[in-house]
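Structure first, then comments.
The values are calculated or read from the model by the stated rules, or taken from the named source; none is laboratory data. Predicted, not measured: the structure shown is a model, and the values here were computed from it. No Cβ is skipped: glycine too gets one built from the backbone with ideal geometry, and neighbour counts run over all protein chains shown. All accessible areas refer to the heavy atoms of the entire protein, side chains included, with ligands and DNA or RNA removed. Shrake-Rupley method; radii C 1.70, N 1.55, O 1.52, S 1.80 Å.
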Amino acid sequence: MMYCEEILLRDGRKCILRNGEEKDGEAALECFKLAHEETDFLLSYPDENRLDSDAEKKFLQEKKESADEIEIIAEVGGKIAGMAGFEKVGSAFKVRQRATLGICIAREYWRLGIGSALVRACVQCAKKAGYKQLELDVVAENTAALRLYERTGFVEFGRNPRGFCSRLSGWQELIYMRLELG
């Protein structure tokens, strides 16, 4: 599935949203690691990442060639600022209409509109791929992300008070959210 869009950020800079591809592997992996260092709201810690640049290159190329999954890169001034994508929950009949959304953005690019643009792009692509529901989970204390998802139309459908066990703060409550696509 192909995607490409140019947006204007709140600070006036241009941002290109496009498919990640093999050539982005190293830079995408560095952005991923950085984003996971800068916040305690993501699934894993940088030292838990087992991907190397070759694996990231392969991952990005597979998503670019996929008809029903995607990884979108946000590029500002030639630098990867963040990325978002979705993956199918499974291929069994009962779950093949559902996909899960993931997103990460380097801190220096927060509050510029990249998150909103990436989520909107993923929603658009998920609809195009034929999904009926897009899902995510978010740490309850991550109020900025919660507001973003709610503005996009996601609604809460459950909570897990012991969803993550943070190295820094102990238990983190996860809010499960979904967006009906059709």
Item to check | Members of segment 1-29 found to be outside any strand (DSSP E or B), in contact (Cβ under 8 Å) with a residue 60 or more places away in the chain and not charged (D, E, K, R), listed by number | outcome: 1, 2, 3, 9, 20
Next on the checklist: Against the conditions (1) of a type in the set (Lys, Arg); (2) more than 19 Å from residue 19 (Cβ to Cβ); (3) in contact (Cβ under 8 Å) with a residue 12 or more places away in the chain, where does residue 162 fall short? Just the number, please.
Outcome noted: (3)
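With respect to residue 108, determine if the residue is closer than 30 Å to residue 13 by Cβ, at pLDDT 95 or above and either open to solvent by less than 40 Å² (accessible area, probe 1.4 Å) or touching a Gly at 6+ places or on another chain (Cβ under 6 Å) (or both).
Details: closer than 30 Å to residue 13 by Cβ: yes; at pLDDT 95 or above: yes; either open to solvent by less than 40 Å² (accessible area, probe 1.4 Å) or touching a Gly at 6+ places or on another chain (Cβ under 6 Å) (or both): no.
So residue 108 fails the test.
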Checklist entry - Is it fair to say residue 122 is in contact with a helix residue (DSSP H, G or I) (Cβ under 8 Å, 6 or more places away or on another chain), buried (at least 17 other Cβ atoms within 10 Å of the Cβ) and touching a residue at least 40 places away in the same chain (Cβ under 8 Å)? => result no
Checklist entry - When you scan segment 89-107, how many residues do you find that are in a strand (DSSP E or B) and more than 11 Å from the chain's Cα centre (by Cα)? => result 2
Item to check | Matching residues, segment 168-182, being assigned to a strand (DSSP E or B) and open to solvent by less than 40 Å² (accessible area, probe 1.4 Å) | outcome: 170, 172, 174, 175, 177, 179
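Taking segment 131-167 as the search range and keeping residues that are of a type in the set (Lys, Arg) and in a helix (DSSP H, G or I), which one is most open to solvent (accessible area, probe 1.4 Å)?
Ranking the qualifying residues of segment 131-167, first place goes to 151.
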Checklist entry - For segment 46-82, how many residues meet the condition of being assigned to a loop (DSSP other than H, G, I, E, B) and in contact with an Asp or Glu (Cβ under 8 Å, 6 or more places away or on another chain)? => result 1
Checklist outcome for this item: residue 54 vs (1) modelled with pLDDT of 95 or more; (2) under 15 Å from residue 21 (Cα atoms): all pass except (1)
Checklist entry - Cβ-Cβ below 6 Å, separation at least six or inter-chain, first residue in segment 60-86 and of a type in the set (D, E, K, R), second part of a helix (DSSP H, G or I): which pairs? => result 69/63; 71/60; 71/63
Checklist entry - In segment 45-55, is there at least one residue being open to solvent by less than 40 Å² (accessible area, probe 1.4 Å) and within 30 Å of residue 132 (Cβ to Cβ)? => result no
Item to check | Hits in segment 80-133 - residues which are in contact with a Lys or Arg (Cβ under 8 Å, 6 or more places away or on another chain) and of a type in the set (Phe, Trp, Tyr) | outcome: 131
Item to check | Scope segment 33-45; condition hydrophobic (A, V, I, L, M, F, W, C), in a helix (DSSP H, G or I) and under 21 Å from residue 146 (Cα atoms); matching residues | outcome: 35
Checklist entry - Which one is most open to solvent (accessible area, probe 1.4 Å) among residues in segment 58-88 that are over 15 Å from the mean Cα position of the chain (by Cα) and among the hydrophobic types (A, V, I, L, M, F, W, C)? => result 67
